[in-house]
Amino acid sequence: MSGYNWLSAQWRKGLKADNVRLAWRDIGNGWRGRELWVTIGLHDLRQRYRRSMLGPFWITISMGIMVSALGLLYGKIFGMDLEVYLPYLACGFVTWAFISGLILDGCKSFIDSERMIRQMAVPLSTFVYQVVWINLLVFAHNIWIFVLIAIIFGVNPGWNALLALPAIALLSLNGVALGIFLSLLSARFRDIPLIVASVVQVMFFITPVIWKPDMLPGRALVLHLNPFYHLVEIFRGPLLGHVPTAENWLAVVLVTLVSWVLAMTFYTVYRWRIAYWV
């Protein structure tokens, strides 16, 4: 049997209906056992700032310093009014930190939980939910930077701000899917986190986070084909008082569907091997 035929046979065997049901059951049981990953996530965050006076609020302080420094620097470079640029930068930077955290930390969901995977009979998705939960907690600290800047500069998004709620839900759904997919690949190939980190770093510079879309001539291709732009814009837009375009929402929904198809396909076939790979 050729290598291709063997691989094809393995995939057909792995994608049997029973295995698909088991994979989805793992996702469902992980969600129902949220008391465990919520508790572990809170404990992990506390441990990062153990014995510090301000605790997790150092997250907010460090992010606030970064946003202020970048705002003052790039505001001068771009010749933009800080009343317009700083809220834009703050919201975009905080959103980017959340998205990149989901991706980069998601790569290590299974690797960092090696001992628990081998010692505890819990759904493997528990450790992906834990990563998403921790990043939501960090995001909840960081978003106050934008709130403070919005108050200072009189940014009033109005009722459009409510659109940020489905946006954060979609970003979290993508975080779970990408966490499953990337952490599985990372458990098998330890170069994956390094590759992903390099890609995310490059995408930061070609995504309008510190620059605005209208600054780039002939920007259509860069923006429309960049999924990170749409992921950032569906959250940043409502908080700045703008309604994201239908293209933004459709692009994010499409990214979400593709992420879940990839995640569940690989999870169904290779889930049982994760304990051996880590």
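The values are calculated or read from the model by the stated rules, or taken from the named source; none is laboratory data. Nothing here was measured: the structure is a model prediction, and the numbers come from that model. So basically every Cβ, Gly included, is an ideal-geometry build from the backbone, and we count neighbours across all protein chains shown.
Within the stretch 170-188, the presence of at least one residue that is farther than 26 Å from Trp272 by Cα, touching a residue at least 12 places away in the same chain (Cβ under 8 Å) and either surrounded by 19 or more Cβ atoms within 10 Å (Cβ to Cβ) or aliphatic (A, V, I, L, M) (or both) is confirmed. Please work out if Ile59 is of a type in the set (Val, Ile, Thr) and either modelled with pLDDT of 90 or more or over 20 Å from the mean Cα position of the chain (by Cα) (or both). The answer is no for Ile59.
Condition test on Arg273, is it touching a Gly at 6+ places or on another chain (Cβ under 9 Å), touching a residue at least 24 places away in the same chain (Cβ under 8 Å), part of a helix (DSSP H, G or I) and among the basic types (Lys, Arg)? No. For the criterion of being within 20 Å of Tyr88 (Cβ to Cβ), part of a helix (DSSP H, G or I), free of Cβ contacts under 8 Å to residues at least 60 places away in the same chain and in contact with a helix residue (DSSP H, G or I) (Cβ under 6 Å, 6 or more places away or on another chain), Leu231 fails.
Looking at Met80, Met53, Met66, which one is under 26 Å from Pro238 (Cβ atoms), modelled with pLDDT under 90, not in a helix (DSSP H, G or I) and not β-branched (Val, Ile, Thr)? Break it down stepwise before answering.
Values: Met53 fails: under 26 Å from Pro238 (Cβ atoms); Met66 fails: not in a helix (DSSP H, G or I).
Among Met80, Met53, Met66, only Met80 is under 26 Å from Pro238 (Cβ atoms), modelled with pLDDT under 90, not in a helix (DSSP H, G or I) and not β-branched (Val, Ile, Thr).
Scanning the stretch 71-95 for residues that are farther than 17 Å from Ile151 by Cα and not hydrophobic (A, V, I, L, M, F, W, C) returns Tyr74, Gly75, Lys76, Gly79, Thr95. Selection of the stretch 151-169 for residues being in contact (Cβ under 8 Å) with a residue 12 or more places away in the chain and among the hydrophobic types (A, V, I, L, M, F, W, C) yields Phe153, Val155, Ala161, Leu162, Leu163, Ala164, Ala167, Ile168. Assessment of the stretch 149-165 against the conditions (crowded, with 23+ Cβ neighbours inside 10 Å, under 19 Å from the mean Cα position of the chain (by Cα) and not polar (S, T, N, Q)) yields no matching residue. Here is the figure for the stretch 267-278: residues that are surrounded by fewer than 19 Cβ atoms within 10 Å (Cβ to Cβ) and not aliphatic (A, V, I, L, M) total 5. Checked against (1) under 22 Å from Ser109 (Cα atoms); (2) crowded, with 17+ Cβ neighbours inside 10 Å; (3) not hydrophobic (A, V, I, L, M, F, W, C), Gln201 meets all criteria but (2). Here Met120 fulfils each of the conditions (1) closer than 20 Å to Gly41 by Cβ; (2) under 21 Å from the mean Cα position of the chain (by Cα); (3) of a type in the set (A, V, I, L, M, F, W, C) apart from (2).
For the stretch 89-109, how many residues are among the hydroxyl-bearing types (Ser, Thr, Tyr) and buried (at least 22 other Cβ atoms within 10 Å of the Cβ)?
The number of residues fulfilling the criteria is 2.
Scanning the stretch 65-79 for residues that are touching a residue at least 24 places away in the same chain (Cβ under 8 Å) and more than 27 Å from Ile134 (Cβ to Cβ), which turns out surrounded by the most Cβ atoms within 10 Å (Cβ to Cβ)? Result: Tyr74.
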